[in-house]
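Take a look at the structure below.
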Amino acid sequence: MSKELLEALNLLEKEKSISKDTLLEAIENSLLQACKNHFGKIDNVHVHIDPNTCDFELYAEKEVVDEVHDNMLEISLEKARELNKRYQLGDMVRIDIKSKEFGRIATQNAKNVILQKIREEERKSLYNEYYQKEKDIVTGVVQRYFGRNISVNLGRVDAILNENEQVKGEIYKPTEHIKVYILEVKDTTKGPKILVSRTHPDLVKRLFELEVEEIQKGIVEIKAISREAGSRTKMAVASNDPNVDPVGACVGMNGARVNAVVEELRGEKIDIINWNDNPALLIENALSPAKVICVSSDEEEKSAQVIVPDYQLSLAIGKEGQNARLAARLTGYKIDIKSESQARELGLFEELGYDSEYEGYDEYEEDEAENPDGFAEDVSEEETEE
């Protein structure tokens, strides 16, 4: 019996990550509970289990007395000397208890104590395992829809992908493998409740951390990220090594790294820009792929006035304002964009202290001839073409 018990405990420890010591403690408590149910008290009952063999001793310590008033706590001198003639009044005698003597109800209750402890420890183990993965990404398998939410199996437990955390337009098929971002892990009586997301900006961040070795080593750092899931993401990166181009590192050879992320995000466009501690330069970068004539920023008000060539205005603002909106989130600045013509009419060049005869204008005219429609290419596509 001890051998089978030892094997069972080792299996539970391996498969459910429940320590053998915890299980042995549960067995000790169950034996004590069985004694209490059978005898009514356990003040003088002791249990010892050998962790290496699972052999156990269950015994009661009784005081040697002339006249017995409590059979559970006391033993007569006559009976004590039947066990050992050296016993004297006041001595403590160890009396072995045979668990086979317990009644069916006491035995069942002891079993329930062990099972309850196993369930508690398994729940605690699952919670601790996935709590450590909170704010990280994992690969899950789509299980089923319940309402508009989706159950995603993460291996040892199912997570919930709520409707508002699903990317609009994405279709998730049962048995399909998807990467999800763990938003929150809650401890409940039924086990951990795990909420995951496909829309969180940090999903993109974590995907790049997996793909880009320089990020893993701390050479390249993702400084800020803004996202409209399923459509476009802007990400600002910086390098701690002057010899490493942070944008190039994230794009990868022939766009391999950024394309791997884009594929996981099912075609979502990604703009990767250089971070700059100068807010004006950062805002200029953030409005990429649009060209910018000048930027005036107010750090206290967290606002910026941006002037762009006339033909770049629609590109700077983006479809339905998306480019400007993402740039504002990325930089933390409220951005007001004006075309060059509008700026001249309003006298913004003079007000901001800029020369209205901008020297780089001819360069923009040349760009316009090359790209008359004013469309921006995805970073991954640009780098791949190079």
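Selection among M72, T53, L115 by position relative to the dipole of region 2-129 gives L115 as farthest towards the positive end (Cβ unit charges, Cα centre). With the convex hull of the Cα atoms taken as the outline of region 2-129, the averaged projected area works out to 9.2 nm². Simple point charges give the picture: +1 on the Cβ of Lys and Arg, -1 on the Cβ of Asp and Glu, and for region 189-249 a dipole about the Cα centre of about 580 debye. Over all Cα atoms in region 114-257, the spread is summed up by Rg and Dmax: 17.9, 61 Å.
Scaling against 2.2 N^0.38 Å puts the C-alpha radius of gyration of the chain at 1.67.
Were the residues from N278 through Q116 laid out at 0.36 nm apart, the gain over their Cα-Cα distance would be 52.4 nm.
Remark: relative contact order (the chain) = 9 percent; criterion is Cα-Cα distance under 8 angstrom and separation of 6 or more residues. DSSP beta bridges confined to region 2-129 are antiparallel in about 75 percent of cases. Placing +1 on each Lys and Arg Cβ and -1 on each Asp and Glu Cβ, with no other charges, gives the chain a dipole about its Cα centre of roughly 3660 debye.
Near S226: Cβ cut-off under 12 Å, other residues only, Lys/Arg at +1 and Asp/Glu at -1. The net charge is +4.
For the Cα atoms of the chain, what angle does the longest principal axis make with the long axis of helix 104-131, in degrees from 0 to 90, nearest 10? The helix 104-131 is inclined about 20 degrees to the chain. Report the Cα centroid-to-centroid distance between region 69-83 and region 299-318 in angstrom, as an integer. First find each Cα centre; the distance between them is then 95 Å. Dipole magnitude for region 2-129: computed about the Cα centre from +1 point charges on Lys and Arg Cβ and -1 point charges on Asp and Glu Cβ, it is near 380 debye. Within region 41-70, what residues put their amide N at less than 17 Å from the label point 7 Å along the Cα-to-Cβ vector of E13? It comes to 49-56, nothing else.
A helix-only calculation puts the chain at -11500 deg cm²/dmol for mean residue ellipticity at 222 nm, using -39500 (n - 2.57) for each DSSP H run of at least four residues, averaged over all residues. Helix 20-39 and the longest principal axis of the C-alpha atoms of the chain enclose an angle of approximately 40°. A Förster radius of 25 Å combined with the Cβ-Cβ distance from E78 to E57 puts the calculated FRET efficiency at roughly 0.50.
Looking at the chain, the DSSP beta bridges with both ends there are about 70 percent antiparallel. Restricting attention to region 137-197, close to 90% of DSSP beta bridges with both partner residues there are antiparallel. At what distance in angstrom do the alpha carbon centres of region 18-55 and region 131-167 lie from each other? A separation of 40 Å, based on Cα centres. Against the chain, whose longest principal axis comes from its Cα atoms, helix 322-331 is set at around 60 degrees.
Only the coordinates and a few stated rules stand behind these numbers; no lab work does. Remember, it's a predicted structure, so these values are computed and weren't measured experimentally. Cβ atoms come from the backbone with ideal geometry, glycine included; neighbour counts cover every protein chain shown.
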